[in-house]
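One structure is given below, encoded as structure tokens.
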Amino acid sequence: MFINAVFIILFLLGFYALIVKKNLIKMVIGLNLMEAAVFFWVISFSDIGGEVAIHKLNEAAVNFNDPVPQALTLTGIVIGASTAALLLTLIIELNKFTDTIDRDEIEGLNN
Amino acid sequence: MHKNFKNITAVVVFILMGIAFYENFQLMPAYKGLGEGVSDYIIRSGLSETGSLNLITAVLYDYRAFDSLGESTVIFGAVSGIVLILSRKMLPVSSRGLSFIVKRTLGIITPFIALFSIYVITHGHLTPGGGFQGGVIFAAISIIFSIVYGSAFDYRRYSPQMKTAFETVGALTFLGLGIAGIFMEGYFLHNLGFLTAETGTLISAGSIPYINMGVGLKVGAGLAIIFYSMIQKTFKEEI
């Protein structure tokens with residue numbers, strides 16, 4: 001369906017950037033794009049057209065969306081931000097030693 | 001020729017992967033909704049068990065609190081790694097910041113940003129929000145200080161030692177509440193029932209608001225440390 005198609009396109013765009021691109025920062029962007037695709041899919045498929053799972057005072061419960069995927073996605077977003085920050089830090093440090101952020105120009109990795 | 005061949009190969013491989021993905025998704029069973037299972041249980045009895053109106057917060061800090069502890073440990077690991085890699089001296093890189101108009105405007109706005117972050121953190125069990133979201137808003141204050149007023153101002157007002165102390169206090173709050181759960185209720189990170197007041201008030205939902213505060217401090221200070229470590233080495237001296 002529509003959600004699956006959007007997920008596949010986003011995920012493959014991220015994977016393309018991760019595999020094909022030479023620039024290290026573009027590779028990090030690709031990794032984050034893959035994460036965003038997964039979060040989008042997890043949130044979208046659990047959407048049954050209800051409300052966010054927050055009770056209102058003095059009101060009966062209406063039909064809620066599933067709270068568990070939303071909590072899992074929150075976990076994933078935080079961890080994704082942490083890994084992205086760590087990767088960018090490593091790129092900064094690499095740039096200091098090699099004066100490049102191109103994957104092929106780094107000595108020792110180029111065959 | 002060689003370069004084109006590589007690109008065409010990559011595109012063909014990715015198109016084939018897309019088709020394979022799509023076929024796999026066709027095989028997946030459809031989402032059945034909330035008829036049974038853990039989600040239905042949480043929706044039906046989450047409010048009466050935890051006292052938290054926000055069921056997502058109830059999942060994060062009560063049912064899966066141990067997982068949230070691991071998550072904040074991941075942030076701690078990332079911050080430790082970044083600080084170890086980047087900062088050899090904790091001296092600020094001075095910059096003059098932005099123009100006078102921006103400085104005055106943000107001087108007026110910044111207290112309200114702080115107030116909003118405190119609101120989001122402490123009302124995590126009543127309204128949308130919680131420790132992680134409010135902590136990110138809290139870190140935005142430090143980022144505003146660095147960009148608008150210059151990182152020397154940020155260093156004076158909100159020094160790295162203070163950020164480290166905030167992060168430690170947040171982590172110890174989380175752990176302390178977990179260990180208090182062992183002694184008072186029998187399980188690690190069990191919700192402390194005696195703290196529960198009337199549902200819907202600010203002091204309700206057991207230990208969830210306090211865990212929220214700890215996580216908010218931890219995330220806010222952690223992201224501020226990450227930003228400060230990165231800006232410290234990458235911006236050159238201007239004055």
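Heavy-atom accessible area buried between chains A and B is around 3800 Å² (1.4 Å probe, both sides summed). Projecting label points 7 angstrom from Cα along Cα→Cβ for B:Asn4 and B:Tyr22 puts them 2.7 nm apart.
Of A:Lys22/B:Lys3; B:Lys103/B:Lys218; A:Lys26/B:Lys218; A:Lys96/B:Lys163, which sit over 19 Å apart, Cα to Cα? Numbers along the way, then the final one.
Values: A:Lys22/B:Lys3 13 Å; B:Lys103/B:Lys218 27 Å; A:Lys26/B:Lys218 29 Å; A:Lys96/B:Lys163 26 Å.
Long pairs (Cα-Cα over 19 Å): B:Lys103/B:Lys218; A:Lys26/B:Lys218; A:Lys96/B:Lys163.
What is the extension gain from A:Ala36 to A:Asp102, computed as 0.36 nm multiplied by their sequence separation minus the C-alpha to C-alpha distance, in nm to one decimal?
On the way: separation 66, 0.36 × 66 = 23.76 nm, distance 2.43 nm.
Here the segment from A:Ala36 to A:Asp102 would lengthen by 21.3 nm.
Computed over the Cα atoms of segment A:37-96, the ratio of the radius of gyration to the Kirkwood radius (Rg/Rh) comes to 1.26.
With a length cut of 27 Å (Cα positions projected on each helix's long axis) and a Kyte-Doolittle mean of at least 1.0, go through chain A and give me the DSSP H helices that pass. Let's see the in-between values first.
Values: long enough: A:24-45 (32 Å, 1.83); A:67-98 (46 Å, 1.26).
The qualifying helices are A:24-45, A:67-98.
Residues within the reach of a label modelled at B:Glu198 (point 7 angstrom out along Cα to beta-carbon, backbone nitrogen below 18 Å), restricted to segment B:102-128, are B:126-127.
Just checking the output field for A:40-52: average partner chain Cβ neighbours within 10 Å of each residue's Cβ? Present the calculation step by step, with values, prior to reporting the outcome.
Values: counts 0, 1, 0, 0, 1, 4, 4, 1, 4, 1, 3, 0, 4.
That works out to 2 on average.
The alpha carbons of segment B:53-234 occupy a box of 53, 35, 21 Å along the principal axes, longest dimension given first. In units of the compact-protein estimate 2.2 N^0.38 Å, chain A shows a Cα radius of gyration of 1.47. Amide H to amide H distances under 5 Å link A:Arg103 with A:Asn23, A:Leu24, where only residues 5 or more positions off or on other chains count and H is placed in the peptide plane.
So for the protein assembly as shown, what are the equivalent ellipsoid semi-axes in whole Å, largest first, each being the square root of 5 times an eigenvalue of the Cα gyration tensor?
On the way: eigenvalues 265, 209, 61 Å².
Working through the eigenvalues yields semi-axes of 36, 32, 18 Å.
Please report, ordered by residue number, every helix of chain B (full DSSP H runs) that is 24 Å or longer along its axis going by C-alpha atoms and whose mean Kyte-Doolittle hydropathy reaches 0.0.
B:2-27, B:65-86, B:100-122, B:160-185, B:208-234
Counted by Cβ distance under 13 Å from A:Leu18, the other residues give a net charge of +3, where Lys and Arg count +1 and Asp and Glu count -1. Entry note, chain B: the mean residue ellipticity at 222 nm calculated from DSSP H runs of n ≥ 4, each adding -39500 (n - 2.57), is -23000 deg cm²/dmol after division by the residues and rounding to the nearest 500.
Sites listed here are trypsin sites (Lys or Arg not before Pro) in segment B:96-193 whose DSSP assignment is loop and whose Cβ has at most 11 other Cβ atoms within 10 Å: B:Arg96.
Between A:Ala84 and B:Leu172, take the C-beta separation as r, use R0 = 35 Å, and let me know the FRET efficiency to the nearest 0.05. Please report the intermediate quantities before stating the final value.
On the way: r = 27 Å, r/R0 = 0.77.
With a Förster radius of 35 Å, E is 0.85.
The values are calculated or read from the model by the stated rules, or taken from the named source; none is laboratory data. Every value quoted in this text rests on a predicted model; they were computed, and no experiment measured them. Note that we place each Cβ from the backbone using ideal geometry, even for glycine, and neighbour counts take in every protein chain shown. Accessible surface areas use protein heavy atoms only, side chains included; no ligands, DNA or RNA. Shrake-Rupley method; radii C 1.70, N 1.55, O 1.52, S 1.80 Å.
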